[in-house]
1. Determine which single condition Asn59 fails, assuming it passes every other condition in (1) out of contact with any helix residue (DSSP H, G or I) (no Cβ under 9 Å at 6 or more places or on another chain); (2) surrounded by 13 or more Cβ atoms within 10 Å (Cβ to Cβ).
2. Test Ser70 against the criterion of being surrounded by fewer than 16 Cβ atoms within 10 Å (Cβ to Cβ), under 30 Å from Asp116 (Cα atoms) and without any contact (Cβ under 8 Å) to a residue 60 or more places away in the chain, and give yes or no.
3. Working only within region 1-30, note down all residues that are in a helix (DSSP H, G or I), touching a strand residue (DSSP E or B) at 6+ places or on another chain (Cβ under 7 Å) and either among the hydrophobic types (A, V, I, L, M, F, W, C) or surrounded by fewer than 16 Cβ atoms within 10 Å (Cβ to Cβ) (or both).
4. Where in region 31-129 are the helices (runs of 4 or more DSSP H), entirely inside, with at least 2 residues that are within 21 Å of Arg9 (Cβ to Cβ) and at pLDDT below 90?
5. Considering only residues that are exposed (fewer than 14 other Cβ atoms within 10 Å of the Cβ) and within 11 Å of Leu4 (Cβ to Cβ), which ones fall in region 93-112?
Amino acid sequence: MTKLFECKRCGFCCQGESTVSLSSQEQENIARYLGLSLQEFLTRYTIKKDKRVEMKTINGHCIFYDEEKSLCKIHSVKPSACRQWPLHPSILRDPESFEIIRRTCPGFSPQATWKDIVAFLKKSSSPDF
């Protein structure tokens, strides 16, 4: 069986004008991981957008993306939305959304289809492609 997805560590999923929103628990977990008070973490690493707290971006990437090493600096405590990538519900909602991401994310097998991914997820409890 062909692997449907294998992360290429390109950072595509870590880039954009904004990043993921952080729950209160995620904020606390990351602050503790970094050895910072919650307030210091919020001041140094996040921005507030409306009622959401999001990680800042630097050079178009999440503040925690290490461009030289192509990895997440907070991988062990990264937010749930990051853990879901590339299987975030918004991507899998319909074939068109999936195709947009599949075309821009080099980790997907060229043969992977929306139906393949959805069928795999129905059979599996973990997204280990």
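The values are calculated or read from the model by the stated rules, or taken from the named source; none is laboratory data. This one's a predicted model, so the numbers in the text were calculated from it and none came from an experiment. In this analysis, Cβ positions are derived from the backbone assuming ideal geometry, glycine residues included, and neighbour counts consider all displayed protein chains.
1. Here Asn59 meets the rest and fails (2).
2. Taking the combined requirement at face value, the residue does not satisfy it.
3. Correct list: Cys14 only.
4. It comes to 80-84, 95-104.
5. Pro110, Gln111, listed by residue number.
Residue by residue, here is whether (1) over 23 Å from Glu26 (Cβ atoms); (2) out of contact with any Ser or Thr (no Cβ under 9 Å at 6 or more places or on another chain); (3) free of Cβ contacts under 8 Å to residues at least 60 places away in the same chain holds:
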{"site": "Gln39", "(1), (2), (3)": "no, yes, yes"}
{"site": "Arg44", "(1), (2), (3)": "no, yes, yes"}
{"site": "Ile58", "(1), (2), (3)": "no, yes, yes"}
{"site": "Val77", "(1), (2), (3)": "no, yes, yes"}
{"site": "Cys82", "(1), (2), (3)": "no, no, no"}
{"site": "Pro86", "(1), (2), (3)": "no, yes, no"}
{"site": "Leu92", "(1), (2), (3)": "no, yes, yes"}
{"site": "Ile100", "(1), (2), (3)": "yes, yes, yes"}
{"site": "Pro110", "(1), (2), (3)": "yes, yes, yes"}
